[in-house]
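Q: Supplied in structure tokens, the structure appears directly below.
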Amino acid sequence: MNIQSAIIKGANILKDKSINSAKLDSEILLASVIDKDRKYLILNNDQNIKEKNLIHFQKLINKRSFGEPIAYLTNEKFFWNYKFFVTKDTLIPRPDTELAIEHILKLTKHKNRMSVLDIGIGSGCILLTILKERKNFYGTGIDISKNCLNISKINAKNLEVSSRVKFFKSDVDKFDLGKYDLIVSNPPYIPPSEQREMKPNVLNYEPHLALFVPENDPLIFYRSILEYGLLYLVSDGLIYFEINPRFLSEMKSLILSFKVYSILERKDIFGKLRMLRVQKK
């Protein structure tokens, strides 16, 4: 079977399963299997595919037809301007998270040097992108998942920022190293009762450890990060949170209860309030 025929067959299978981006997904999966880009597929659409590659491609199409995200099937996701290695141990980097990067880069445009801490680093997309864009910044990433830390290390190496970042397996409550100018975090913030509202591709495939919080204490991780900031965030230092908009009022009350933080809100690309910038007085 040649490239064009394989793409069409794969796309038809995905269409039958109501996958909206059927042709694109088929192209991406085949390109990944033969280790080429989509331009190569277009220019060489009459080239025959090796049997082992065709079998692999068909397996990926089958998985995609049941809703498994493309990023997990190809083990990569572009974020900002960079390609990140991802697995099912990490959340898939999302476009709305790039809003945080945009604002952080604007705020730090004239900073000569900053120390940045990422709490719950996951794939490393937030911290490593900041370090890639700011050559004189240094970073620290912590996570309770050893697999996430290993993935972040791979991405740091691929982005050539390994010399400016350190990684630690730790819960924020037990981490006591350093002083930081900036803390970033996309902690778990979804209570189990919201599962019925989630998209199946997220609920069924992305790591629940990075998604869910106890029903009776949905702000547990934010409280820990804010307490950490009391000791390890410098004066005028910043914290960037991704938040659950449903708990905005409770989040504001929690932040202001510490008496040392001020708040600035940021909406995502869809107009939803997803980001809070907190500054220590």
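Taken together, the values in this text are just the output of simple stated rules run on the coordinates, not laboratory data. This one's a predicted model, so the numbers in the text were calculated from it and none came from an experiment. Using ideal geometry, Cβ is built from the backbone for each residue, glycine included, and neighbour counts are taken over all protein chains shown.
Q: Could you run the Karplus curve 6.51 cos²θ - 1.76 cosθ + 1.60 with θ = phi - 60° over segment 159-171 and give me ³J(HN,Hα) per residue in whole Hz, x for Gly and Pro?
A: After applying 6.51 cos²θ - 1.76 cosθ + 1.60, I find 8, 6, 10, 4, 6, 10, 9, 10, 10, 9, 7, 6, 7 Hz.
Q: With n ≥ 4 as the cut-off for DSSP H runs, can you work out [θ] at 222 nm for the chain, using -39500 (n - 2.57) per run divided by the number of residues, rounded to the nearest 500?
A: Computed mean residue ellipticity for the chain: -11500 deg cm²/dmol.
Q: Here's something else I'd like to know. State the three equivalent ellipsoid semi-axes of segment 61-161, derived from the C-alpha gyration tensor as the square roots of 5 times its eigenvalues, in descending order and whole Å.
A: 26, 15, 11
Q: In units of 2.2 N^0.38 Å, what is the alpha-carbon radius of gyration of segment 1-65?
A: Relative to the rule-of-thumb radius for its length, segment 1-65 sits at 0.98.
Q: To continue, here is another question. Given springs between every Cα pair under 10 Å in a Gaussian network model of the chain, which of GLU206, GLU51, GLU215 has the largest fluctuation?
A: GLU51
Q: Along the charge dipole of segment 1-160, pointing to its positive end and built from +1/-1 on Cβ of Lys, Arg, Asp and Glu, which listed residue (THR74, HIS56, ILE130) has its Cα farthest out?
A: Ranked along the dipole, the leading option is ILE130.
Q: Would you kindly give the portion of the calculated P(r) for the chain that falls above 33 Å, as a percent of all Cα pairs?
A: Within the chain, distances greater than 33 Å cover 29 percent of Cα pairs.
Q: Share of antiparallel DSSP beta bridges in the chain, in percent to the nearest 5?
A: Details: 17 of 37 bridges.
Looking only at bridges with both residues in the chain, the antiparallel portion is about 45 percent.
Q: While we're here: Where does helix 22-34 land angle-wise versus the long Cα axis of the chain, in degrees 0 to 90, nearest 10?
A: Helix 22-34 sits roughly 90 degrees off the main axis of the chain.
Q: Place a +1 charge on the Cβ of each Lys and Arg in the chain and a -1 charge on the Cβ of each Asp and Glu, then give the dipole magnitude about the Cα centre in debye, rounded to the nearest 20.
A: In debye, rounded to 20, the chain gives about 640.
Q: Would you mind checking which residues have amide H under 5 Å from ASP118's amide H? H placed 1.01 Å from N; only 5 or more apart, or other chain.
A: Hits under the 5 Å cutoff: THR140, GLY141, ILE142, VAL184.
Q: Also: Angle check, please: helix 146-158 long axis (alpha carbons) against the longest principal axis of the chain (alpha carbons), in degrees 0 to 90, nearest 10.
A: Approximately 80 degrees, to the nearest ten.
Q: Determine the percent antiparallel among the DSSP beta bridges restricted to segment 59-156, to the nearest 5. Intermediate results must be reported in sequence, preceding the final value.
A: Details: 4 of 9 bridges.
Close to 45 percent.
Q: If you fit an axis through the alpha-carbon atoms of helix 98-107 and take the longest principal axis of the Cα set of the chain, what angle between them do you get, 0 to 90°, nearest 10?
A: Approximately 40 degrees, to the nearest 10.
Q: Follow-up. Per the Kirkwood formula on distinct C-alpha pairs, the Rh of segment 116-274 is how many angstrom?
A: The Cα-based Kirkwood calculation yields 16.5 Å.
Q: While we're here: Can you list the HN-Hα couplings for segment 216-223, worked out from phi with the Karplus curve (6.51, -1.76, 1.60; θ = phi - 60°), rounded to whole Hz and with x for Gly and Pro?
A: 8, 8, x, 9, 4, 6, 5, 4
Q: Could you list MET198, MET275 in order of exposure, starting from the residue whose Cβ has the fewest other Cβ atoms within 10 Å?
A: Fewest-to-most Cβ neighbours within 10 Å comes out as MET198, MET275.
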